[in-house]
Amino acid sequence: MLRWIRGEEKEREPEIFESVSLGLKKLYRNRLKPLEEAYKFHDFHSPPLDNADFDAKPMILLIGQYSTGKTTFIRYLLEKDFPGMRIGPEPTTDCFIAIMAGDKDKSSGVVNEGIVPGNAAVVDDTKPFRALSSFGNAFLSRFQCSHMENEVLNSISIIDTPGILSGEKQRVNRGYDFAKVLTWLAERVDRIILLFDAHKLDISDEFHEALNAVKTYDSKIRVVLNKSDQVNTQQLMRVYGALMWSLGKVITTPEVVRVYIGSFWDQPLRYDENRLLFEAERNDLFEDIQSLPRNAALRKLNDLIKRARLAKVHAYIISYLHDSMPSVFGKEKAKNKLINDLEKIYGELANKYNISLGDFPNVQKMKERLKITDFSKLRGLSESMIRKVDDMLSRDIAELMKLIQREETKSAERFRAEGPAVKGGVFSSVAYSTSSGGAFSAAKDNPFSNAFGVGVNAGSDFDGEWIVSDKKPEYDEMFMKLNPTNGKVKGSEAKKEMVKSKLPNTALAKVWRLADHDKDGMLTEEEFALAMHLINVRLEGHSLPDDLPVHLVPPSQRHKHDFNEESY
């Protein structure tokens, strides 16, 4: 009662949002953007966000020196050429190309494919590129959107960049600030892939500048050591070590950046001794890319939180400068003194508001921007605006986190109910495999896929033949030495033979669960042979499935429907 007289506000209930995307848009528009506009955040740090920034699919940014295979890597992912694609040993990609899914024509239902020039792309409010217009016509003439129909692009977009120059060429002025464009893109993409050629590890001055432009977003960075089949194993070890040493001088973080080794094109391997390594590395990289759509909402939420924290700190800095300026005389002198003392001001504000110095913007860049800023247009601190942002961070963001978890749970339940479907997009939890030159082929029966014919999948195309039969006579001898009773051995007896494999108990427990197909706690002659087969599969370095594949079911326990249903 009488709370309004004392100026106390009624505790606000957290907002309820229909979806994560709509919630992010509403919070930014109503709570964060007013603070940014009031303290000229967009002039100092980052342009305002549009609805398209929240609606955009996850984006991958490719950066590398010329002839490192950036465009070929994209073609490898898409399994086809894209509009505007050019590949060559010299700098052929002379512009930024955003490769995106084309829009369907409403009347014909056909996907529109083609190239949209930069000036047209930045005025399209459905694309997250409107702020790029600030880089001028010199940049826009070197920017384009490439639209095409492709299953991969239903879930992600890819941005190809001009090949970074080396030698005398890097001194040529591009006509726009290349590093600032990379910084702008790095802030908005979900993954940054740096490509290196196994034969060309030198980091030119322009490449060094490009790495400095994106290293702030080190959590997004992955490195690909491409064309690794062009060197033998011994040379590859030396190349890898040299690459890590070079990166360590530029990306100065305590964590080691993840490097993927391989040859991402559809040509025969020159040295195929590392084929298995390349396939394993390729699968790890594609699994990382596959996770981007699932984590996109969380990434956008995380970026909004980081932006809100920076906007608050910026407001504290600007209001401090405003309050420290004289009202009449000596304004220019006071301005210069405040700029020179900016580092000391950071320390005062950090202590006053209990903020980590790591949340403050780069002091040198801030000084440069403040030198051309009219201090008479700065304003004092608005407690109500700060309170709204604090309220957003403490209440509404928590609600969005819950909504993200609910949406992920629903997606997982839908996947379990419907099963994997390529029609939903290759990134919709589909187990993919790589065919010759293709990155995300979903055909499990493809003989050139990684899983075909190896591990538990060996014998899956034997048309009813049991692959365990090949070594069954050998396993039968072991079985008979265990003194079976009524054609079965007890678990304690089978354990004596199984532990000889020296596999950990967790692995042997899984072998037992899969081999004891009739779940009676004992093993028949066939089940024992199956157990030995699974142990060998595990010893060869392959993983075991959660459920026994149909082709491994003991013949005497098979039913007709087992081979009519798609159960594995």
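Before moving on, here are some points about what is shown:
- Counting only heavy atoms of the protein chains and using a 1.4 Å probe, Asp103 has close to 90 Å² of accessible surface.
- Taking the 1.4 Å solvent-accessible surface of region 124-202 as the whole, the part contributed by carbon and sulfur is 44%.
- Annotation: amide H-H contacts under 5 Å for Met59 (H modelled 1.01 Å from N, sequence separation of 5 or more, or interchain): Ser157, Asp190, Arg191.
- Solvent accessible area, Å² - Lys180, 1.4 Å probe, full protein context: 130 Å²
- Fully extended contour minus Cα-Cα distance, from Asp55 to Asp359, at 0.36 nm per residue: 106.7 nm
- Against the criterion of solvent-accessible heavy-atom surface with a 1.4 angstrom probe, Leu49, Leu298 sort, most first, into Leu298, Leu49.
- Percent antiparallel among DSSP beta bridges (both partners in region 64-209, rounded to 5): 55 percent
- Carbon/sulfur fraction of accessible area - region 263-304, other protein chains in place, 1.4 Å, %: 47 percent
- Excluding ligands, DNA and RNA, the accessible surface per residue across region 130-267 is 42 Å² with a 1.4 Å probe.
- Spin-label zone in region 532-548 - amide nitrogen under 16 Å from a point set 7 Å from the Cα of Glu287 along the C-beta vector: 541-546
- Here's how it looks for Tyr260: its modeled amide H is under 5 Å from those of Val223, Val224, Leu225, which are all 5 or more places away or on a different chain.
- Accessible surface, region 484-554, averaged per residue in Å² (probe 1.4 Å): 50 Å²
- In sequence order, calculated HN-Hα J values of region 513-526 (Karplus, 6.51, -1.76, 1.60; Hz; x Gly/Pro): 4, 6, 6, 6, 5, 8, 6, 9, x, 9, 10, 6, 4, 5
- Placing dummy labels 7 Å off each Cα toward the beta-carbon, the span from Asn112 to Glu209 is 3.6 nm.
- Accessible area of Trp466 in the full protein assembly, 1.4 Å probe (Å², nearest 10): 20 Å²
- Put Arg142, Arg191 in order of accessible area, highest first, and with a 1.4 Å probe you get Arg142, Arg191.
- Projecting label points 7 angstrom from Cα along Cα→Cβ for Ser501 and Met401 puts them 4.2 nm apart.
The values are calculated or read from the model by the stated rules, or taken from the named source; none is laboratory data. Keep in mind that this is a model prediction, so the values were computed, not measured. Methodologically, a virtual Cβ is constructed for each residue, glycine included, from the backbone with ideal geometry; neighbour enumeration extends over all protein chains shown. SASA here: full protein model, heavy atoms, side chains in, ligands and nucleic acids out. Shrake-Rupley method; radii C 1.70, N 1.55, O 1.52, S 1.80 Å.
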